[in-house]
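To keep things clear, I will list the structure first and then write my remarks on it.
The values are calculated or read from the model by the stated rules, or taken from the named source; none is laboratory data. Because the structure is a prediction, the values reported are computed rather than measured. Neighbour counts run over all protein chains shown; Cβ positions are idealised from the backbone, glycine included. These accessible areas exclude ligands, DNA and RNA; they are computed on the full protein's heavy atoms, side chains included. Shrake-Rupley method; radii C 1.70, N 1.55, O 1.52, S 1.80 Å.
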Amino acid sequence: MQKTKKKVLLRNLGIAVLTASLVACGGAEERKAKYMEEGSQLFKAGDYEKAELAYKNVLQIDPKHWESRYQMAETLSKQGKIEKAFREYSTVVANDENHVMARVRVGQLLLLNRAIDDAEKMANEALAKQPDNVEAMVLLAGIQMAKDNTAAAAATVEKALQKSPEDVSATLMKASIDVRNDKLGDAIALLKQAIEKKSDSIPLRTMLVGLYAKNQQNTEAEAQLRAIVQLQPQEVQHYKNLALFQLGAGRLDEAEATLRDAIKALPESDVAKINLVDFLTEKRSLDIAIAELQTIVAQNPEAFALKFKLSALQFANKQADKAEETLKQIIEQDKLGPNGINARDKLAVYYAGSQRTDEAKALIKEVLEANPRDAEALTLRGQFSLAEDKIPDAIGD
């Protein structure tokens, strides 16, 4: 009787453990699916930082979920974190023999770095799994171009366009091959035709700008640059590209107006403001640039990047006392925050160069108490130690 009860107890306990495990697994799968969907939606919306976090959440639950690692690499790539993206793509390639697009991405980055043989290996592996993968075919065409096998590249890209006639990357590759074959007119015609079907494609228009400029069709090139600005008015680089084109044509006033348009369209962008200040510095004068930047800083008192820019221009304009005051303002505002630390570093360098050694050392001490691994402060302290023949201290720093 006792044995029977024991068996029943053990059986019930086993069922309870199994049920708990199944519920836990089910919960984990549901959470992974939730985070994957969240990441996908954020990626589509262009919020790449938050999408990256969603995919990281998947990997915390399941570190071997290779598709989420691939998608995280895609978000890193979109943020310009190419080295990190390459590592993640490579991890997927090493662990998932069937992941075609990871191989394509690794191949593309290897080709950009002129590792042609390694890139070709990735392209061949991808095409062995998916012979009709258009991106893999375009990658192979790029490799063939890099090997000066233009005929093979043309055949490969034609195959890609037969599979997907409106594919942008294949169209760009075909245009590149036309240019290589001295068929500039054909390349321009191809891109114009493609833009008629995909009028919102920035890569197509960008390449067309280059070809128009190469063909000395400057009016047409500028029209495309303006169209790009209209398509993506929140991208500060587009305004800069248009301004540089106008600058190249010697139209300084128009270039300045374009950079000011960028500030109007992107009032929160420090980059847009710095682009204008750089233009004024190079094409007008330091005094004009400083006056402009002082006005901007007064309107944006928390924009530390602009204040650092102002101090740099003041030093360049031999206004060291004003530059010192600007850096002191940053220290007062940010205390021992990252900008306050950076301002102390810069001020210490100025003091050191001005024979104000005690003041420099005091600032270095403050920095290293807050951050013992601060490279600039350690370097400067090491230089002081070296000057004082404190060799072990200098080496340590």
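Tabulated data
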read-out	value
Which numbered condition Met173 fails, given (1) closer than 20 Å to Gly107 by Cα; (2) of a type outside the set (Gly, Ala, Ser); (3) not in a helix (DSSP H, G or I)	(3)
Breaking point among (1) open to solvent by 20 Å² or more (accessible area, probe 1.4 Å); (2) free of Cβ contacts under 8 Å to residues at least 24 places away in the same chain, for Ser40	(2)
Complete set of residues in the range 357-397 that are buried (at least 16 other Cβ atoms within 10 Å of the Cβ) and either of a type in the set (Phe, Trp, Tyr) or free of Cβ contacts under 8 Å to residues at least 12 places away in the same chain (or both)	Phe384
Positions within the range 302-328 being without any contact (Cβ under 8 Å) to a residue 24 or more places away in the chain, open to solvent by 20 Å² or more (accessible area, probe 1.4 Å) and closer than 29 Å to His238 by Cβ, in sequence order	Ala312
Any hit, the range 44-63, residues being crowded, with 19+ Cβ neighbours inside 10 Å and of a type in the set (S, T, N, Q)	no
Hey, Thr258 without any contact (Cβ under 8 Å) to a residue 60 or more places away in the chain, more than 21 Å from Arg226 (Cα to Cα), assigned to a helix (DSSP H, G or I) and among the hydroxyl-bearing types (Ser, Thr, Tyr) or not	no
Extreme residue, nearest to Arg114 (Cα to Cα), among residues of the range 148-192 that are exposed (fewer than 14 other Cβ atoms within 10 Å of the Cβ) and among the polar types (S, T, N, Q)	Asn181
